[in-house]
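**Q** Quick one: the structure is below, questions incoming.
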Ligand SMILES: N[C@@H](CCC(=O)N[C@@H](CS)C(=O)NCC(=O)O)C(=O)O
């Protein structure tokens, strides 16, 4: 199996951690530089990482890859056995992939990638921080006294984990007002699969910063579906249109 990804991506993190949990061997075919984009487009016409190649089968979109891995390598399971538990995990995975990722990418843009935008758009950072707090409050309740988001460690924990590593990195660690969530962050960060994927994510970011041909360019950011909605919620819709006009932003290609 080959995994075409960029370790800096939270979606790649999720797939890598799932593969480490399942103990599946795979070859890392990283997509780090502009020169790698053609190879990626040949696998995923949306030009997004990750993409998995298993013999003649190509799967893209991290939640579809994780669903494929669960069926292909059922042991150890990363989803509960009962349908209700599975639905709950998938719902949390979806929340991580859509709303939580999108909120954090806006926070990272304002705090880290393009801090000047926060100065030009007063209120955007406060709005994004408020939305982040609402997601944390939701997750605090969802834990409801459990160690993990399901009865055992699951795909829901794996999907949420990279976002909390990123949140701490951009200056939004979970605070004392969410003690169960803060304890979960501690617990999940001790998991070997999560530790390995976190290390790779940090190395991927450092590498992308040092490489002038890096596909991840903070001066030309990629925006898509949920992330665009998050920009709109924070009053950055017109900013995105200006960025697109100036070719400082781009959308996923039409498949
Ligand atoms: N829904 C997709 C989203 C994947 C995605 O947004 N990947 C981003 C990196 S985080 C990407 O490849 N962007 C294209 C680029 O940066 O050129 C998934 O779950 O795999």
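Just so you know, all these numbers are worked out from the coordinates, no wet-lab data involved. Predicted model only: the values in this text are computed from it and were never measured. Virtual Cβ from ideal backbone geometry, glycine too; neighbours counted across all protein chains shown.
**Q** Output the relative contact order of region 83-210, whole-number percent, from Cα pairs under 8 angstrom with separation of 6+ residues. Let's see the in-between values first.
**A** Numbers: 88 pairs, mean separation 35.7, N = 128.
This gives 28 percent for region 83-210.
**Q** Just report the Cα centroid separation between region 101-160 and region 178-238, whole Å.
**A** Cα centres, region 101-160 to region 178-238: 10 Å.
**Q** Further question: At 7 Å along the Cα-to-beta-carbon direction for both residue 195 and residue 58, put a label point, then send me their distance in nm to one decimal.
**A** Result: 3.7 nm between the two label points.
**Q** Oh, and also: Ranked highest first by average number of other Cβ atoms within 10 Å, how do 101-110, 167-176, 44-53, 244-253 line up?
**A** The most tightly packed comes first, giving 101-110, 44-53, 167-176, 244-253.
**Q** Quick check on packing: order 221-227, 70-76 by the mean number of other C-beta atoms within 10 Å, highest mean leading. Could you put the intermediate results ahead of the total?
**A** Working: 221-227: 16.1, 70-76: 11.7.
Going from most to least packed, we get 221-227, 70-76.
**Q** Right, next: Using R₀ = 22 Å, calculate the FRET efficiency as 1/(1 + (r/R₀)^6) where r is the Cβ-Cβ separation of residue 138 and residue 186; round to 0.05.
**A** With a Förster radius of 22 Å, E is 0.70.
**Q** Which of rounded, prolate or oblate describes region 136-206 when judged by the alpha-carbon gyration tensor and an a/c cut-off of 1.5?
**A** oblate
**Q** Using Cα-Cα distances under 8 Å and only pairs 6 or more residues apart, what relative contact order does the chain have, in percent?
**A** Over the chain, the number comes to 26 percent.
**Q** Turning to a different aspect of this structure: Please report, in whole Å, how far the alpha carbons of region 150-255 spread along each principal axis, starting with the longest.
**A** 47, 32, 30
**Q** Write down the percent of antiparallel bridges among all DSSP beta bridges whose residues are both part of the chain, to the nearest 5.
**A** Percent antiparallel among DSSP bridges in the chain is about 55.
**Q** Next question. Sort the following peptides by mean Cβ neighbour count (other Cβ atoms within 10 Å, averaged over residues), highest first: 146-156, 128-138.
**A** 146-156, 128-138
**Q** State, as an integer percentage, the relative contact order of region 140-255 based on alpha-carbon contacts under 8 Å between residues 6 or more apart.
**A** Reported relative contact order: 18 percent.
**Q** Ranked by Cβ crowding within 10 angstrom, fewest neighbours first, how are 254, 158, 228 ordered? Mind showing how you got there, number by number?
**A** Numbers: 254 6, 158 28, 228 16.
Listed from fewest to most nearby Cβ atoms, that is 254, 228, 158.
**Q** Counting C-alpha atoms alone, how compact is region 1-122: give Rg to one decimal and Dmax as a whole number, in angstrom.
**A** When restricted to the Cα atoms of region 1-122, Rg and Dmax are 16.4, 51 Å.
**Q** Take region 1-67, drop everything but the C-alpha atoms, weight them equally and run the Debye formula without solvent; then report log10 I(q)/I(0) at 0.12, 0.20 Å⁻¹ to two decimals.
**A** Log-scaled intensity ratios, in q order: -0.25, -0.71.
**Q** How big is the Kirkwood radius of region 83-210, worked out from every pair of different alpha carbons and given in Å to one decimal?
**A** For region 83-210, the Kirkwood estimate is 15.4 Å.
**Q** How would you rank 24, 89, going from fewest to most other Cβ atoms within 10 Å of each one's own Cβ?
**A** 24, 89
**Q** Under 1.5 on a/c is rounded, so check that first for the chain, then, if it is not, pick prolate when a/b is larger than b/c and oblate when it is not; a ≥ b ≥ c are the square roots of the alpha carbon gyration tensor eigenvalues.
**A** oblate
**Q** Which distance in nm do the two modelled labels at residue 203 and residue 250 give, with both placed 7 Å along the Cα-to-Cβ direction?
**A** 2.7 nm
**Q** Right, something else. Using Cα-only point scatterers and the Debye equation, what is log10 of I(q)/I(0) for region 82-150 at each q in 0.13, 0.17 Å⁻¹, rounded to two decimals?
**A** -0.47, -0.69
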